[in-house]
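Student: Structure incoming, see below.
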Amino acid sequence: MSEGVEWALHSILNLAWAGPEHAVSAARLAAYYDLPPAYLNKQLQALVRAGLVSSGSGPRGGFRLARRLEDITLMDVVAAVEGPEEAFRCAGIRLRAPRGRPHEDDPLPEPAEDCQIHQAMREAELVWRRELAGRTLADVRDRVERVSPGVPRRARRWFAAPRATS
């Protein structure tokens, strides 16, 4: 999983803390964590395409949440940034293994879709995806606010203050 997922998750939380009245530019979001603005903008555009955030142009433009945090799952963000493809891709390398002469007790390998490693990895990924789909950004926000109650206030102040990097 790319670091873009982490950046996107933090950006969504910061947009929530900035509040719906403040559109935040990609440059401003990037400056908060000293990230490259062009690369963060790529992640933000993926979030826009997925309908998680909205963007506007012009002097008052920037990014805002398009959905409530309660309606955005961790899996939504992963899929927006990484795409819907499986994390594990079976290349069928076992089919290139030396086969020798097949014996009754040692049959040829089954087709790639029947690969036991592929099946085990797919089952584990489905559990992982279900877990991510069962957790919302509101869950994460609530946890952050319990553990570090000053974070939302500091973020809100930082994003509300006028800056040259906006």
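Student: Ignoring everything but the protein chains, give the 1.4 Å probe accessible area of Val78 in square angstrom, nearest 10.
Tutor: Taking all protein chains as shown, Val78 has close to 10 Å².
Student: Can you tell which of Pro37, Pro59, Pro20 shows the greatest fluctuation in a Gaussian network model of the chain with Cα springs below 10 Å?
Tutor: The residue that fluctuates most here is Pro59.
Student: Given only helices, namely DSSP H runs of n ≥ 4 each adding -39500 (n - 2.57), what is the per-residue ellipticity at 222 nm of the chain, to the nearest 500 deg cm²/dmol?
Tutor: For the chain, the value works out to -16000 deg cm²/dmol.
Student: What accessible area per residue comes out for the range 126-166, rounded to a whole number of Å², with a 1.4 Å probe?
Tutor: On a per-residue basis, the range 126-166 sits at 71 Å².
Student: Also, quick follow-up: Sticking with the crude label model, points 7 Å out along Cα→Cβ, report the distance from Met1 to Ala161 in nm, one decimal please.
Tutor: With each label placed 7 Å out from Cα toward Cβ, I get 3.2 nm.
Student: Next question, about the same structure. Under a 10 Å cutoff between Cα atoms, tell me which one of Ala138, Ala97, Ala79 has the largest fluctuation in the Gaussian network model of the chain.
Tutor: For the chain, modelled as a Gaussian network with Cα springs under 10 Å, the answer is Ala97.
Student: Take the solvent-accessible surface of the protein heavy atoms, probe 1.4 Å, and return the percent of it on the chain that carbon and sulfur atoms account for.
Tutor: 54 percent
Student: If R0 is 30 Å, what FRET efficiency do you get for Arg49 and Arg94 from their C-beta distance, rounded to 0.05?
Tutor: 0.20
Student: Taking the Cα centre of the chain as the origin, how large is its charge dipole in debye, to the nearest 20, when only Lys and Arg (+1) and Asp and Glu (-1) carry charge on their Cβ atoms?
Tutor: Dipole of the chain, to the nearest 20 debye: 1180 debye.
Student: Which residue, Arg68, Arg89, Arg141, tops the fluctuation ranking in a GNM of the chain built on C-alpha contacts under 10 Å?
Tutor: Checking each option, the largest mean-square fluctuation is seen for Arg89.
Student: Expressed in nm to one decimal, what extension gain is obtained for the pair Ile117 and Ala138 from 0.36 nm per residue of sequence separation less their Cα-Cα distance?
Tutor: Stretched out fully, the Ile117 to Ala138 stretch lengthens by 4.0 nm.
Student: Which ³J(HN,Hα) values in Hz, rounded to whole numbers, follow from the phi angles of the range 138-145 under the Karplus curve 6.51 cos²θ - 1.76 cosθ + 1.60, where θ = phi - 60° and Gly and Pro get x?
Tutor: Karplus-based 3J(HN,Hα) across the range 138-145 equals 5, 4, 5, 4, 4, 5, 4, 5 Hz.
The values are calculated or read from the model by the stated rules, or taken from the named source; none is laboratory data. Everything numeric in this text was worked out from a predicted model, so none of it was measured. Counting neighbours? That spans all protein chains shown, and the Cβs are built from the backbone with ideal geometry, glycine included. What goes into the accessible areas is simple: the full protein's heavy atoms, side chains included, and nothing from ligands, DNA or RNA. Shrake-Rupley method; radii C 1.70, N 1.55, O 1.52, S 1.80 Å.
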